[in-house]
């Protein structure tokens, strides 16, 4: 099992007020699954995504990632796992504006890899080709459409050959055609055996996944 969330809770404190974001949430996600997480604003889906992505810590319960309990892992261990095991794709692309597509994709390789400069470039080019951007390697984000920028972000997420791709509203800033193209890429990656967990509020986008996890008031429904 790639992900096992066991009765997890997450409570935020605002002064003396305790705000529960997740309330006894349990769920397993197997290696190779394509799962969509859906829920209204404030349902807990973003908190759930942040915990799965090791960007936030749970309050109680256990989180097993590849069989290892990461609930109490040190910040250094979590940072290493995020860089080596998880690829992130965000709604806003999060590309460096003054940097080429190739250099944006290379960014995760700057940490914790002993690959040569040429090996990094070759791997980045391979990832850009994989998402259909072999002719755009020297273009900056301002020279790319929204759909192309998201392709660069996906290539960057793939560069370290992660166990898991986490996509947070990946089509939220895209038109219908670009959204369909991006989801087509995710489906190809899933067919290649990559595990994908995606947060979306769009029912038509959720249909590209294998199954949907629905969250309400911090609980699985």
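The values are calculated or read from the model by the stated rules, or taken from the named source; none is laboratory data. Since this is a predicted model, take the numbers as computed values, not measurements. Cβ coordinates were reconstructed from backbone atoms using ideal geometry, including for glycine residues, and neighbour counts include every protein chain displayed.
Among the residues of segment 201-221, what is the count of those that are farther than 18 Å from residue 27 by Cα, part of a loop (DSSP other than H, G, I, E, B) and at pLDDT 95 or above?
Summing the residues that are farther than 18 Å from residue 27 by Cα, part of a loop (DSSP other than H, G, I, E, B) and at pLDDT 95 or above in segment 201-221 gives 2.
For segment 140-160, enumerate the residues that are touching a strand residue (DSSP E or B) at 6+ places or on another chain (Cβ under 9 Å) and part of a loop (DSSP other than H, G, I, E, B).
Step one: list which residues in segment 140-160 are touching a strand residue (DSSP E or B) at 6+ places or on another chain (Cβ under 9 Å), which gives 150, 153-154, 156-160.
Across segment 140-160, the qualifying residues are 159, 160.
Look through 151, 80 and report the one residue that is out of contact with any helix residue (DSSP H, G or I) (no Cβ under 9 Å at 6 or more places or on another chain), under 18 Å from residue 162 (Cα atoms) and free of Cβ contacts under 8 Å to residues at least 40 places away in the same chain.
Values: 151 fails: out of contact with any helix residue (DSSP H, G or I) (no Cβ under 9 Å at 6 or more places or on another chain).
When all the criteria are applied, what remains is 80.
List, please: which pairs have Cβ atoms under 8 Å, are six or more places apart or on different chains, and start with a residue in segment 154-171 that is closer than 21 Å to residue 126 by Cα and end with one that is modelled with pLDDT under 95 and part of a loop (DSSP other than H, G, I, E, B)?
Correct list of pairs: 160/113.
Within the bounds of segment 112-129, is there any residue that is assigned to a loop (DSSP other than H, G, I, E, B), in contact (Cβ under 8 Å) with a residue 24 or more places away in the chain, touching a helix residue (DSSP H, G or I) at 6+ places or on another chain (Cβ under 8 Å) and over 24 Å from residue 189 (Cα atoms)?
Yes; the residues of segment 112-129 include at least one that is assigned to a loop (DSSP other than H, G, I, E, B), in contact (Cβ under 8 Å) with a residue 24 or more places away in the chain, touching a helix residue (DSSP H, G or I) at 6+ places or on another chain (Cβ under 8 Å) and over 24 Å from residue 189 (Cα atoms).
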